[in-house]
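Report on the structure given below.
The values are calculated or read from the model by the stated rules, or taken from the named source; none is laboratory data. Keep in mind that this is a model prediction, so the values were computed, not measured. Ideal geometry is used to build each Cβ from the backbone, glycine not excepted, and the neighbour counts take in all protein chains shown. These accessible areas exclude ligands, DNA and RNA; they are computed on the full protein's heavy atoms, side chains included. Shrake-Rupley method; radii C 1.70, N 1.55, O 1.52, S 1.80 Å.
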There are 2 protein chains.
Amino acid sequence: MTLLPDVDRILLGPGPSLTSPRVMRAMASPTVSHLDPLMLRLLDDVRARLARVFRAVDGSFAFAVSGTGTSGMETAVSNLVRDGSRAAVVVSGYFGDRLAQMCERYGAAVSRVDVEWGRACDPDALRRHLNANGADVVAMVHAETSTGVCNPVREMAAVARDHGALTIVDAVTSLGGVPLDVGAWGIDACYSCTQKCLGGPSGLAPIVFGPRALEQRVKGRSFYFDLSLLEDYWLRRKYHHTMSSALVCALYESLAIVEEEGLDARWARHERNHRMLVASLAELGLTLLPAEADRLWTLNAVRVPDGVDEPTARKHLLDEFNIEIGAGLGPLAGKIWRVGLMGAGSAPRLVLLLRGAFESALAKQGRHVHA
Amino acid sequence: MTLLPDVDRILLGPGPSLTSPRVMRAMASPTVSHLDPLMLRLLDDVRARLARVFRAVDGSFAFAVSGTGTSGMETAVSNLVRDGSRAAVVVSGYFGDRLAQMCERYGAAVSRVDVEWGRACDPDALRRHLNANGADVVAMVHAETSTGVCNPVREMAAVARDHGALTIVDAVTSLGGVPLDVGAWGIDACYSCTQKCLGGPSGLAPIVFGPRALEQRVKGRSFYFDLSLLEDYWLRRKYHHTMSSALVCALYESLAIVEEEGLDARWARHERNHRMLVASLAELGLTLLPAEADRLWTLNAVRVPDGVDEPTARKHLLDEFNIEIGAGLGPLAGKIWRVGLMGAGSAPRLVLLLRGAFESALAKQGRHVHA
């Protein structure tokens, strides 16, 4: 008996999101090796597409690390932070905390800008922090997957730049789903993943280093994540590792879909379906954790009403409707559900489905809605 | 126009090898998330299968790193080598050299046991080296992909163990293709890849840590490769990264195929087809670089005859017959072709095809065979 999954999960959690049939077919393309001329042509195209999707300035190096989003984080940190670097890290959730840990591991003197979970960072607070502490690098999460909050990265990056610091931005849950402009916002390094708003399978981490970051890179410990060795492969075709043909083909197709839709239209779609979800949930008496102005369009942190058991409701969605949503992390465990509308998963039919599923889960726990 | 590969390359280079249709179909299974009960069941099964394929002892931890074979190397090194560790590294080719670089990056005082490229390491030489230099860790490559040599790891690991050192073994081109017994040989950490003798797509690195290695682990810099965090995920279901469902499904199916054939039968098949290739090439006047006793069954280093242009012949195979073989690396560039018969690619029909293709390539350069 095979253990391969035989059910089509409706993936509406914090990721992976739904993979479109086009991307699945692309992934099953014939295997080509990491130095095959057909692969090199693909890699050049993927680089150009990523630079456009990140909206990077000329002279940037956009590519994909052969690992998940966390490997993107480590690639950014390990190439820009060295022993003794002063790193100011904005911690407004689980992934900000992970960024801080990563900077500490790579030897930085880390100062944390702590923000209450569920709130966005105030750029003025960051400015005061930098005035008091200084920083060589400022690291921040754009879309905090653990809280559903969108940090004002445009303003925060400007503050960091005023202080002469390099900026590292985590765009794991934002790239392709909410407005992000690495070039115009002056971001020096930005990474993401493939399995959320880009709509591919997980396994690669899109990343971009801008001109300042390329210039100020440090020699880190990691061989696998070494920016210069990765440049040797992507730009100079020198063997470094056996990049997965299947994952590159899938990423290529995901990016083609993103560009066919157009970034602006894609952002607008994510916003529209997010607003539809918020309105639908309100009809059930469900509210979101972040204030309206701070909300992500891609990941919705839905408050668990008093008296409702979080895991029971989540299990009801999975068992009865084959819908996956996420649990809260850390201090938010048991207090929120995390509902992702990302990539192909940001669609009106899925909002309708979610409304019905939540209604059923609440009714099961004695919470009948009288609309 | 799509850039997705539209030709079925016959992959007979150093890897990736041919992916079987069963594995391709498995990879296209419906996506499940990294914490889905269906995924956790798969991961438990993959762990058990990997432990059997590595022939690990009870109390070992076998799993797969979310990256290519080089990420397996970095996971082994970064969790066992710390600043000041004495690491003796056997360097008999490109990948031994990479192991030495990796140990240096993680702070070890590295002593190299240099072996001429194309020859196997003499265990007595290793013993003398350890007597003279001592070592906390001894690192070695089993199947040196750059030279086609199989190092006598059973004897080398015994020598290392006599000296009380931990052993790290690179089995990237051996696991599933040539005899390897991590448990019986007393190997402490061993890693491989998915796209060679296991016959899957690249993107995961099977790895095993034995009981001594688990006990003597160090806290490394890397978060992504941190053994304890990876244990938290694989054993205690604590989120660490978004493991790729597609790649796990592919690895599951690859391992199922390996176990259906049986390891002993699989090794015997690789030996048989290797011998058939050597005999076929001899008919064309082509010989192998390593001495007969040192040859891998999975990767054949074929000498380029005097007067034959290496890249021209390789390009002929690709352009005329859609066959990929590999070039020589480092000091062997231009001097050898690297022909892999691995996984599904170790088959008599492919040996016939290679014989014909080499005959054509040599004839093209004025080397007609009169058998």
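Of all lysines in the structure, the ones whose alpha carbon falls short of 25 Å from that of residue A:315, not counting any fewer than 8 places away in one chain, are A:196, A:335, A:364, B:238.
Considered as an equivalent ellipsoid built on the Cα gyration tensor, the protein assembly as shown has semi-axes of 45, 28, 25 Å, the largest given first. Counted over segment A:1-56 with a bin width of 10 Å, the fraction of Cα pairs per bin, in whole percents, is 17, 31, 34, 17, 1. Would you mind getting me the FRET efficiency between residue B:128 and residue B:57? Use the beta-carbon distance for r and R0 = 25 Å, nearest 0.05. For R0 = 25 Å, the calculated efficiency reads 0.30.
Ordering B:289, A:80 by accessible surface, largest first, gives B:289, A:80; the 1.4 Å probe counts only protein heavy atoms, with every chain in place.
The same position residue A:239 in the other copies lies at 3.8 nm from this copy, comparing label points 7 Å beyond Cα toward the beta-carbon, shortest first.
Ranked from largest to smallest solvent-accessible area, with a 1.4 Å probe on the protein heavy atoms, A:368, B:129, B:270 come out as A:368, B:129, B:270.
Rounded to the nearest Hz, the phi-derived 3J(HN,Hα) couplings of segment A:229-239 under the Karplus curve 6.51 cos²θ - 1.76 cosθ + 1.60 (θ = phi - 60°) are 5, 5, 4, 4, 6, 5, 9, 10, 6, 9, 3, where x marks glycine and proline. Between helix A:94-105 and chain A there is an angle of about 30 degrees, using the helix long axis and the longest principal axis of the Cα atoms.
Whole-Hz Karplus values for segment B:323-332 come out as 9, 9, 10, x, 8, x, 10, x, x, 9 Hz, taken residue by residue from phi with 6.51 cos²θ - 1.76 cosθ + 1.60 and θ = phi - 60°; glycine and proline positions read x.
Atom-type composition of the exposed protein surface of the protein assembly as shown places 50 percent of the accessible area on carbon and sulfur (1.4 angstrom probe). Solvent-accessible surface of segment B:21-261, taken per residue with a 1.4 Å probe and all protein chains present: 29 Å². Since only B:206, B:164, B:40 are under comparison, the one whose Cα sits farthest along the positive direction of the charge dipole of segment B:21-261, derived from C-beta charges on Lys, Arg, Asp and Glu, is B:40.
Using a 1.4 Å probe over protein heavy atoms, the accessible area lost on pairing A with B, summed over both chains, comes to approximately 5900 Å². Contact with the other protein chains removes 30 Å² or more of accessible area, compared with the isolated chain and a 1.4 Å probe, from these residues of segment B:303-337: B:324. Checking every one of the trypsin sites (Lys or Arg not before Pro) in segment B:165-246 against DSSP loop status and a limit of 14 other Cβ atoms within 10 Å picks out B:219, B:237, B:238.
As a check on your grasp of the helix formula, calculate [θ] at 222 nm for chain B: sum -39500 (n - 2.57) over DSSP H runs of n ≥ 4, divide by the residue count, round to the nearest 500.
Taken over chain B, the calculation gives -13000 deg cm²/dmol.
Taken along the Cα-to-beta-carbon direction at a fixed 7 Å, the label points for residue A:268 and residue B:315 span 4.9 nm.
What share of Cα pairs, in percent, lie more than 21 angstrom apart in segment A:236-371? Tail of P(r) above 21 Å: 50 percent of Cα pairs.
For a distance above 19 Å, tell me the whole-number percent of Cα pairs in segment A:40-126 that qualify. Roughly 53 percent, once rounded to a whole number. Rounded to the nearest 20 debye, the dipole magnitude of the protein assembly as shown is 40 debye, with +1 charges on Lys and Arg beta carbons, -1 on Asp and Glu beta carbons, and the Cα centre as origin.
If only the Cβ of Lys and Arg carry +1 and only the Cβ of Asp and Glu carry -1, the dipole of chain B around its Cα centre is close to 220 debye.
Averaged over peptide A:35-44, the number of partner chain Cβ atoms lying within 10 Å of each residue's Cβ comes to 3. Inter-chain Cβ neighbour count for B:188-199, averaged per residue, equals 1 (cutoff 10 Å, partner chain atoms only). About its Cα centre, the dipole of segment B:29-186 is roughly 140 debye, where the only charges are +1 on Lys and Arg Cβ and -1 on Asp and Glu Cβ. Calculated FRET efficiency, residue B:7 to residue A:260, Cβ-Cβ distance, R0 = 35 Å: about 0.90 to the nearest 0.05. Relative to the compact-globule estimate of 2.2 N^0.38 Å, the Cα radius of gyration of chain B comes out at 0.99.
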